[in-house]
Every structure is written in structure tokens, then in C-alpha cells.
């Protein structure tokens, strides 16, 4: 969907930008864009469980290395 706004004769640039922003808000294009940008794709339950398990194992491994002194603490 294209939004076309032409500058009126004798209209200041600030007024034109204000009018353009108003038309943009009314069209709903920005909301539509934000929804598409931040939408996450659904993850299967098995993959989600596998990722959680991998994070947990990684965290436990780091803790073990810190306790044994093989990994320097921050």
C-alpha cells in the first residue's frame, strides 16, 4: 500500500511533514510494519525443550568450570 502526499502551494515544510505524519498514522502502516517486524515464528515444543535443556547444561558446565578454577570469574 502506497501513501502519497503532495506539498500544497505555499505550504511550509514543517506543516507538510506534520500533515504527512498524520496521514501515515491514520493509514496504520506503521502499526502493520511493527507487527511484522517483531513477530516471532512459533517454535515446536520439542525444539523448545531441546533449547532449554542445552541452556541448562551449558550453565551447569560453566558453574562446574568456575568451581574447579578452570574458568576465571568475571
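Computed from the coordinates by the stated procedures, all read-outs in this text should not be read as laboratory data. Quantities reported herein were computed from a predicted structural model and do not represent experimental measurements. FYI the Cβ positions are ideal-geometry reconstructions off the backbone, even for glycines, and counts take in every protein chain you see.
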0 to 90° range, to nearest 10: angle between helix 13-27 axis and the chain longest Cα axis: 60
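Compare the peptides 51-61, 16-26 by average per-residue count of other Cβ atoms within 10 angstrom and give them in order, highest first. List each step's numbers first, then the result.
Numbers: 51-61: 10.2, 16-26: 12.4.
Put in order of decreasing packing, that is 16-26, 51-61.
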Gain on full stretching of the segment that runs from residue 71 to residue 18 - 0.36 nm per residue minus C-alpha separation: 13.4 nm
Virtual spin-label span in nm between residue 36 and residue 7, 7 Å along Cα→Cβ: 2.8
Overall dimensions of region 1-66 as given by Cα atoms, namely Rg and Dmax in Å: 24.4, 72
